[in-house]
Amino acid sequence: MSAGSEIVLEARNITKRFPGVVANENVSLKLYRGEVLALLGENGAGKTTLMNILYGLYHQDSGEVLIRGEPVRISGPSDSIRHGIGMVHQHFMLVPVFTVAENIILGAETRNGPFLDLNAARRQIRELSRQYNLDVDPDAYVKDLSVGQQQRVEIIKALYRKADILILDEPTAVLTPQETEELFTIIRSLTARGASVIFISHKLKEVLAIADRIMVLRRGRVVGETTPREATERSLAEMMVGRSVMMEVEKGEAHPGTPVLTLDRVTVLDDRGQRVVNEVSLEVHAGEILGIAGVQGNGQTELVEAITGLRPVHSGRVLINGRDVTNASPRRISETGCAHVPEDRQEDGLVLTYSVADNLVLNTYYTPPFARGIVRNDRAILNHASRLIERYDVRTPGPLTPVSALSGGNKQKVIIARELSREGRLLIAAQPTRGIDVGSIEFIHQRIVAERDQGAAVLLVSAELDEIMALSDRIAVMYHGKIVATLPAASATREELGLLMAGAQPTNVPHETIADGRATVKAQR
Amino acid sequence: MERAGSQFSPRMDSRIQIWGMVHAAIVPIASVVVALVVGAAIIALSGANPLVAYSALFEGGLGSGRAFSRTLEKATPLIFGGLAVSLAFKCGLFNIGAQGQLLMGAVSAAFIGFSLQGLPSALHIPLALLVGALLGAVWAAIAGTLKAFTGAHEVITTIMLNFVAFNLTDWLADGPWKDRTPGNIVARTPAVAPEARLPDIVGVPLGIILAVLAAIAVWWLIWRTTIGFELRTVGQNASAAKYAGISVRRMTVLAMVASGFLAGLGGAVETLGVVGRFQPGFNVGLGFNAITIALLARTNPIAVIPASLLIGVMQAGASRMQFNSGVASEIIDVILALILFFVAADGIIRRVLRLRAEEGERVTLSSGRGS
């Protein structure tokens, strides 16, 4: 449905400063009834700050907020809920051991005298689910739900509180392409019933697919407003970054050499003892990028963990440079020259409370020149950090600043800098650009290709098909723990890969399903 | 918080660090002040004059040379205990068992002290200290090993080991190692040999010198060595430590061993420096005050020294306070508990002072990690 003309939410000249930083400067926005307004910007552009002001988590230094034409002072989430604003955060705020219904009514409990009236709540939740196609079982435990379903619970939670202005903060960052499609369907049915949605993202394709209007923020200011009809990915990227951006990765031909990483029928179990990687065999040669494509949760994570020593190999062999490193310690594998950009950078790749400098030596701290015996050499660590910060364009106040103060893209650059600066012939990069801004993605892609050109073997795992296709020389598709096909990247098509990722056999690709395949992969990236 | 447009700026970099340091000190200092104010209110409620009570307290702890040496005496084992708890915290472990480790150190140092006669001091003292420290280390290693290999939570195991240590040392002092001098009916070991007693070095007790050296050594270990880096990494983020090739198990055992070593050393120093024998009941509470000290010092080994001195002053001055103002010396325990309360529940102090939650390394009171 097209947007109405009634303004439900308006922000006028919002300014918010933090020590040393202006997070929002004179930001104004209007949200009309029944529309999807996309707020686009790089990490650190001020999107989340602005939304936190609208939601009452922060208060603006100047400027005003109007709801349905009335100036309001929102001093906390309970105020914003009263005004009909609901927010779905990037990280869900759910109690895992409670049921869906219990989570939804938490803080707004339906009562029968002094007792909880869960039945009334259940009925209302079912009603909401039906109205908005939000399929979820009120009696399921949240811990048993997929990420996509948990997000639906968050949306119902907002609707249950009669919100008709929904703020979705990077809602697709954690979703599979299919879940993203489903979310878009839900958003459309919400707006069709008169709700208004603010959709925060830095993913250009998604913004173009779902928004009615697009507002672009850069460095705390509104730099432009456009519509999907007028805009292209390239024009949006330029607005976001403030300069022209290369959407394609420039890379020459690969000159593959000897095999660096060899997997021989590797089987890996997950935490519950299920075979999540099933007899995978592959070779990655020096000077090539092998991309592993696949929908999240098909064993890619566990495969990488097994190669890098973080998870036991159940059977089969892992060889690096011809040496058997099956079930060797992470330290030993790292010392063979295997660099690893881990999938979960906040959890595994960084110690957030440590300085940038300490994070840059997280796995080399014990080697010269960073240590002599057991004594740390702080000067060498600092020099190293200053060098890498410059070479890898890490935006930080300095080497001693805690890495937690950096934006997502810059955190990832710290990891990339650390891993690529090591002497090594093997690079394993898992989701190297997930959730980070366009400018950083471009940079990281160039560095990965540069590694290849210098003769490193690169194993790239990514849920983003665009990334796999742009970087890889060969593409292996993983489905249900198996490599179902390995194709040369030059001849692989998006449709073919999409079908393989969905489990189709490489030999019997029926032509009539190609359209579906396109739909599945479209939402990627 | 988003930092839009932050650029490389050494000024900002050092400002962030200095602010972090100032910030770290604000909450502990404010906690002490607030605890003293609340304590004053309680004293006033009991009908005494808080000013008289507090001035007697500090006079009794700092007023004279003798008062100060009593403070040092009280502070010495507290420094060791505070270091022990701080070091474990750095690795994400909550060593509630400092008390038990300290008792094991105290009783074994006493045994070496009284059972060997005629050794020169230069041999006897180091031997007794070392054995005390090692027994503390062994005691803590039990909890560390259980944590590393079975995931048993160290809070539970160290509490239980405390009870074992209480009863074991009681039994030793009342049984096989009892002081059999005619006329003695209390549970205590014989006095240690004079050669095993800690001397004063140019008027300063050897115990406090060792305590300060230990604080410097722990600081150096934590901040200047790769082992310290490994300990801290495990404490801050065990899964990142694993990724970085650090053995979480090894560090867990090592941190507990080092922590127990310090606590045991504290017990040994108390035995050889102050009490002169092992007598149950003498060291009770030390291991628990050590937790208060570690939190008050925000696990900073150097800050453990002033924190211990502060509590030492209060303990040394308690009887003078009771004498001068009639306030029961137990009020000191109330104030210590209030300090612990405000330091641990620092949200209260932050709200009063309108401080933001701090960046930088955090003290984790309890981590769920195991194997």
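What single numbered condition from (1) open to solvent by 50 Å² or more (accessible area, probe 1.4 Å); (2) more than 7 Å from chain B (Cβ to nearest Cβ); (3) part of a loop (DSSP other than H, G, I, E, B) fails to hold for residue A:361?
If we test residue A:361 against (1) open to solvent by 50 Å² or more (accessible area, probe 1.4 Å); (2) more than 7 Å from chain B (Cβ to nearest Cβ); (3) part of a loop (DSSP other than H, G, I, E, B), just (1) comes out false.
If I filter segment A:339-352 for residues that are open to solvent by less than 50 Å² (accessible area, probe 1.4 Å), facing chain B (nearest Cβ under 10 Å) and farther than 25 Å from residue A:403 by Cα, do I get at least one hit?
Within segment A:339-352, not a single residue is open to solvent by less than 50 Å² (accessible area, probe 1.4 Å), facing chain B (nearest Cβ under 10 Å) and farther than 25 Å from residue A:403 by Cα.
Could you grab me the full set of residues in segment A:232-253 that are surrounded by 13 or more Cβ atoms within 10 Å (Cβ to Cβ) and in contact with a helix residue (DSSP H, G or I) (Cβ under 7 Å, 6 or more places away or on another chain)?
Result: A:233, A:236, A:237, A:240, A:241, A:245, A:247, A:249, A:251.
Mind checking which residues of segment A:402-430 are at pLDDT below 90 and part of a loop (DSSP other than H, G, I, E, B)?
Once the filter is applied, which keeps residues that are at pLDDT below 90 and part of a loop (DSSP other than H, G, I, E, B), segment A:402-430 yields A:406, A:407, A:422, A:423, A:424, A:425.
Just the residues that are of a type in the set (Lys, Arg), open to solvent by 10 Å² or more (accessible area, probe 1.4 Å) and not in a loop (DSSP other than H, G, I, E, B), please, taken from segment A:434-472. Steps first, please.
So in segment A:434-472, the residues of a type in the set (Lys, Arg) come out as A:434, A:447, A:452.
Among the residues that remain, those that are also open to solvent by 10 Å² or more (accessible area, probe 1.4 Å) are: A:434, A:447.
Once the filter is applied, which keeps residues that are of a type in the set (Lys, Arg), open to solvent by 10 Å² or more (accessible area, probe 1.4 Å) and not in a loop (DSSP other than H, G, I, E, B), segment A:434-472 yields only A:447.
Mind telling me which of the residues A:326, A:308 ends up being modelled with pLDDT of 95 or more, touching a strand residue (DSSP E or B) at 6+ places or on another chain (Cβ under 9 Å) and within 10 Å of chain B (Cβ to nearest Cβ)? Lay out the reasoning, then the answer.
Working: A:326 fails: within 10 Å of chain B (Cβ to nearest Cβ).
Exactly one of A:326, A:308 is modelled with pLDDT of 95 or more, touching a strand residue (DSSP E or B) at 6+ places or on another chain (Cβ under 9 Å) and within 10 Å of chain B (Cβ to nearest Cβ), namely A:308.
Looking at (1) in contact (Cβ under 8 Å) with a residue 40 or more places away in the chain; (2) closer than 30 Å to residue A:275 by Cβ; (3) outside any loop (DSSP other than H, G, I, E, B); (4) facing chain B (nearest Cβ under 8 Å), which is the one condition that is false for residue A:331?
(1)
Scan segment A:26-69 residue by residue and report those that are in a loop (DSSP other than H, G, I, E, B), surrounded by fewer than 22 Cβ atoms within 10 Å (Cβ to Cβ) and within 13 Å of chain B (Cβ to nearest Cβ).
Matches in segment A:26-69: A:57, A:58.
Quick one: in segment B:233-285, of everything that is touching a Leu at 6+ places or on another chain (Cβ under 8 Å) and among the charged types (D, E, K, R), which residue is nearest to the other protein chains (Cβ to nearest Cβ)?
It comes out as B:242.
If you check residue A:23 against the conditions, is it among the hydrophobic types (A, V, I, L, M, F, W, C) and more than 14 Å from chain B (Cβ to nearest Cβ)? Working first, answer last.
Working: among the hydrophobic types (A, V, I, L, M, F, W, C): yes; more than 14 Å from chain B (Cβ to nearest Cβ): no.
Answer is no for this residue.
Just to verify a result, which residue in segment B:146-167, among those that are over 22 Å from the mean Cα position of the chain (by Cα) and not in a loop (DSSP other than H, G, I, E, B), is surrounded by the most Cβ atoms within 10 Å (Cβ to Cβ)? Talk me through it step by step, then tell me what you get.
To start, the set of residues in segment B:146-167 that are over 22 Å from the mean Cα position of the chain (by Cα) comprises B:146, B:148-152.
From what is left, the residues that are not in a loop (DSSP other than H, G, I, E, B) are B:146, B:148-150.
On the way: B:146: 21, B:148: 24, B:149: 13, B:150: 11.
Looking at the filtered set, the residue picked out is B:148.
Residue B:185 versus (1) out of contact with any Pro (no Cβ under 8 Å at 6 or more places or on another chain); (2) β-branched (Val, Ile, Thr); (3) buried (at least 19 other Cβ atoms within 10 Å of the Cβ): which is the lone unmet condition?
(3)
So, restricting to strands (runs of 3 or more DSSP E) that lie completely within segment A:187-281, which ones have at least 3 residues that are of a type outside the set (Val, Ile, Thr), in contact (Cβ under 8 Å) with a residue 24 or more places away in the chain and over 20 Å from residue A:292 (Cβ atoms)?
Result: A:196-201, A:213-218.
Can you pull out the residues in segment B:56-70 that are out of contact with any helix residue (DSSP H, G or I) (no Cβ under 8 Å at 6 or more places or on another chain) and either part of a helix (DSSP H, G or I) or over 22 Å from residue B:208 (Cα atoms) (or both)?
Answer for segment B:56-70, where residues must be out of contact with any helix residue (DSSP H, G or I) (no Cβ under 8 Å at 6 or more places or on another chain) and either part of a helix (DSSP H, G or I) or over 22 Å from residue B:208 (Cα atoms) (or both): B:65, B:66, B:69.
Looking for whichever is at pLDDT 85 or above, open to solvent by 80 Å² or more (accessible area, probe 1.4 Å) and under 30 Å from residue A:15 (Cβ atoms) here; the options are A:130, A:82. Which one fits?
The match here is A:82.
Could you go through segment A:413-423 and let me know if any residue there is away from chain B (no Cβ under 14 Å), more than 20 Å from the chain's Cα centre (by Cα), of a type in the set (A, V, I, L, M) and open to solvent by 10 Å² or more (accessible area, probe 1.4 Å).
Yes - at least one qualifying residue is present in segment A:413-423.
Among the numbered criteria (1) touching a His at 6+ places or on another chain (Cβ under 8 Å); (2) within 23 Å of residue A:465 (Cα to Cα); (3) part of a loop (DSSP other than H, G, I, E, B), which single criterion is violated by residue A:343?
(1)
Considering only residues that are open to solvent by 20 Å² or more (accessible area, probe 1.4 Å), away from every other protein chain (no Cβ under 14 Å) and in contact with a helix residue (DSSP H, G or I) (Cβ under 9 Å, 6 or more places away or on another chain), which ones fall in segment A:205-227? Give the derivation first.
So in segment A:205-227, the residues open to solvent by 20 Å² or more (accessible area, probe 1.4 Å) come out as A:205, A:208-209, A:212-213, A:218-219, A:221-223, A:225, A:227.
Checking which are away from every other protein chain (no Cβ under 14 Å) leaves us with A:205, A:208-209, A:212-213, A:225, A:227.
Of everything in segment A:205-227, those that are open to solvent by 20 Å² or more (accessible area, probe 1.4 Å), away from every other protein chain (no Cβ under 14 Å) and in contact with a helix residue (DSSP H, G or I) (Cβ under 9 Å, 6 or more places away or on another chain) turn out to be A:205, A:208, A:209, A:212.
Does segment A:364-390 hold any residues that are free of Cβ contacts under 8 Å to residues at least 12 places away in the same chain and within 11 Å of chain B (Cβ to nearest Cβ), and which are they?
A:366, A:367, A:371, A:372, A:373, A:374, A:375, A:376, A:377, A:378, A:390
Pairs under 9 Å by beta carbon, first residue within 9 Å of chain B (Cβ to nearest Cβ) and free of Cβ contacts under 8 Å to residues at least 12 places away in the same chain in segment A:391-406, partner among the aliphatic types (A, V, I, L, M) and part of a loop (DSSP other than H, G, I, E, B), six or more apart or different chains?
The qualifying pairs are A:405/B:1.
The values are calculated or read from the model by the stated rules, or taken from the named source; none is laboratory data. Only a predicted model underlies this, so the values are computations on that prediction, with no experimental measurement involved. Quick reminder, even Gly has a Cβ in these numbers, built from the backbone with ideal geometry, and neighbours come from all protein chains shown. Surface accessibility is based on the protein's heavy atoms, side chains included, excluding ligands, DNA and RNA. Shrake-Rupley method; radii C 1.70, N 1.55, O 1.52, S 1.80 Å.
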